[in-house]
1. Looking for whichever is out of contact with any strand residue (DSSP E or B) (no Cβ under 6 Å at 6 or more places or on another chain) and at pLDDT 90 or above here; the options are Gly23, Gly75, Gly57. Which one fits?
2. For the list (1) open to solvent by less than 50 Å² (accessible area, probe 1.4 Å); (2) modelled with pLDDT of 90 or more, I need the number of the one condition that Ala32 fails.
3. Can you name the residue in the range 130-141 that is touching a helix residue (DSSP H, G or I) at 6+ places or on another chain (Cβ under 6 Å) and open to solvent by 10 Å² or more (accessible area, probe 1.4 Å) and, of all such residues, is farthest from Leu87 (Cα to Cα)?
4. Out of Gly75, Gly108, I need the residue that is outside any loop (DSSP other than H, G, I, E, B), small (Gly, Ala, Ser) and under 16 Å from the mean Cα position of the chain (by Cα). Which one?
5. Only helices (runs of 4 or more DSSP H) wholly contained in the range 161-232 count here; list those with 3 or more residues that are open to solvent by 80 Å² or more (accessible area, probe 1.4 Å) and either modelled with pLDDT of 90 or more or not acidic (Asp, Glu) (or both).
6. Sort out which residues of the range 85-122 are open to solvent by less than 30 Å² (accessible area, probe 1.4 Å) and at pLDDT below 95, and write them in order of number.
Amino acid sequence: MLMWTFFGCKERFHPAATKEAEGLPFTTRLGAALHNKYFIMLTLTMIAVSLYQNVNGTCSTYYAQYVLGNAELMGVMQTVEKIPWILGVIFLAPFIKRFGKRNLVLAGAVLCVAAQIILMTNPANYTLVLVSAALRGLGEAPFYGCIFTMLADTIEFGHWKTNIRVHALLFSAFTVGQKFGGGIAGWAIGKLMDASGFTGLEVEIPSAVNMVQNLYLFGTIAAWGAVVVFMIFYHLDKEYNGIVADLAKRGQCAG
């Protein structure tokens, strides 16, 4: 995959803008990042998906054990989710050209929410759990296939809006946001499980089973629902060509 990426990408350099930005105080570069509304939207989107990753990673085993009655089913659940995820990313490119990155991520997030709503009709039905997992995997593919190219687009927007090109800071801050979101989600899940009286024993108390089920169902809906909201307000795909053209007129685009 790395070799595929390497040979399939053309790198564009902005040495003058980069050198100029590196000479600016950190507070100035940080201010430019904070004035980049699309970068903030994507960072919040990544935090929401980090919440989902923690909910799914933490609760899947417990859901399989206490709701479905067999902890070994978790491996099947994860596999059924990841196969559409991987295939979706691999075959995503033609759809990006036709529909745009934002629209695909939005549609994928809606599909993830819909998958959980379907599962809510019968949460203990194993077949329905697998159908929901497969739909979620397909819905996740646009996010994972597009998010970092969308982040690169926000660099052009920030350069256009503030005349400061802070690509290194945006990428590093984006990663910090991802880790922050994961940490907060892990802490919150632990607190909720503890409040439910979770014991981890072979036979779990009803309040803990309800908490596992609610986290698995509604935690996912909350996370991907947040992605839907952020994508509704994300319009950079429509503005991008005009922004790049304007940067070129200013002599700020490497082409």
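The values are calculated or read from the model by the stated rules, or taken from the named source; none is laboratory data. Keep in mind the model is a prediction, meaning the values are calculated, not measured. Cβ atoms come from the backbone with ideal geometry, glycine included; neighbour counts cover every protein chain shown. Note: accessible area is taken over every heavy atom of the protein model, side chains too, but ligands, DNA and RNA are not part of it. Shrake-Rupley method; radii C 1.70, N 1.55, O 1.52, S 1.80 Å.
1. Working: Gly23 fails: at pLDDT 90 or above; Gly57 fails: at pLDDT 90 or above.
Going through Gly23, Gly75, Gly57 in turn, just one is out of contact with any strand residue (DSSP E or B) (no Cβ under 6 Å at 6 or more places or on another chain) and at pLDDT 90 or above: Gly75.
2. Of the numbered conditions (1) open to solvent by less than 50 Å² (accessible area, probe 1.4 Å); (2) modelled with pLDDT of 90 or more, the odd one out for Ala32 is (2).
3. Within the range 130-141, the subset touching a helix residue (DSSP H, G or I) at 6+ places or on another chain (Cβ under 6 Å) is 130, 132-141.
Next, from what is left, pick out any that are open to solvent by 10 Å² or more (accessible area, probe 1.4 Å): 130, 134-135, 138.
Numbers: Leu130: 17, Ala134: 11, Leu135: 12, Leu138: 8 Å.
If we take residues in the range 130-141 being touching a helix residue (DSSP H, G or I) at 6+ places or on another chain (Cβ under 6 Å) and open to solvent by 10 Å² or more (accessible area, probe 1.4 Å), then Leu130 is farthest from Leu87 (Cα to Cα).
4. Values: Gly75 fails: under 16 Å from the mean Cα position of the chain (by Cα).
None of the other options fit; the residue is Gly108.
5. Numbers: elements: 167-195, 206-214, 220-232.
In the range 161-232, the matching helices (runs of 4 or more DSSP H) lie at 167-195.
6. The answer is Gly88, Leu92, Gly100.
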